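Reviewing the structure listed below.
The values are calculated or read from the model by the stated rules, or taken from the named source; none is laboratory data. A quick note: this is a predicted structure, and the numbers were derived from the prediction, not measured. Neighbour counts are summed over all protein chains in view; Cβ atoms, including those assigned to glycine, are modelled from backbone coordinates with ideal geometry. Note: areas computed on protein heavy atoms with side chains; ligands, DNA, RNA excluded. Shrake-Rupley method; radii C 1.70, N 1.55, O 1.52, S 1.80 Å.
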Amino acid sequence: QVALVESGGGLVQAGGSLRLSCVASARTLITYAMGWFRQAPGKEREFVAGISRSTGSTGYGDSVKGRFTISRDNAKNTVYLQMNSLKPEDAAVYYCAALRRVTFTTNPNDYDYWGQGTQVTVSA
């Protein structure tokens with residue numbers, strides 16, 4: 001069992017930046033591919049970014065490419081999501097998730113563990 005705790009959300013003006021963190025409870029984060037997802041009210045959970053277990057290869061949803069960056073520090077059991085040039089449409093609850101595979105996927109149903117989420121609000 002892995003507990004994930006997100007932090008770093010908040011209120012930011014459009015064009016601003018935030019960095020989200022996701023800390024895992026167990027010292028086994030290196031064995032998981034990781035993903036960030038978001039969900040706005042009335043919408044489905046959306047893939048934002050993913051990072052593979054060992055190679056560190058990354059992928060992004062089309063709406064955030066070029067603005068968001070995912071990274072991981074296995075020694076700290078932490079995954080980050082750097083969000084730049086934020087837009088009002090980026091507002092959502094952001095979740096990190098762990099997947100017991102080498103490579104991340106974009107399907108939230110594939111993931112084994114989820115954090116509780118952190119709210120991101122972007123004012124116009």
(request) Go through the range 76-124 and name the trypsin sites (Lys or Arg not before Pro) that are in a DSSP coil and have 16 or fewer other Cβ atoms within 10 Å of their Cβ. (result) Arg100, Arg101
(request) Compute log10 of I(q)/I(0) for the range 19-110 with the Debye formula, placing one identical point scatterer on every Cα and leaving out solvent, at q = 0.12, 0.22, 0.24, 0.26 Å⁻¹, to two decimals. (result) -0.33, -1.08, -1.27, -1.44
(message) With +1 assigned to the C-beta of every Lys and Arg and -1 to the C-beta of every Asp and Glu, and no other charges, what is the dipole magnitude of the range 1-118 about the Cα centre in debye, to the nearest 20?
(response) 280 debye
(request) Kindly report the accessible area of the range 33-119 per residue (heavy atoms of protein chains, probe 1.4 Å, no ligands, DNA or RNA), in Å². (result) 47 Å²
(request) Take the Cβ-Cβ distance between Gln13 and Asp110 as r, set R0 to 35 Å, and report the resulting FRET efficiency rounded to the nearest 0.05. (result) 0.50
(message) With a cut-off of 8 Å between alpha carbons and a minimum separation of six or more residues, what is the relative contact order of the chain in percent?
(response) 37 percent
(request) Leaving ligands, DNA and RNA out of it, report the carbon-plus-sulfur percent of the accessible area of the chain at a 1.4 Å probe. (result) 47 percent
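Express as a percent, rounded to the nearest 5, the fraction of DSSP beta bridges in the chain (both residues included) that run antiparallel. Each step should come with its number before you reach the end.
Values: 36 of 40 bridges.
The answer is about 90 percent antiparallel.
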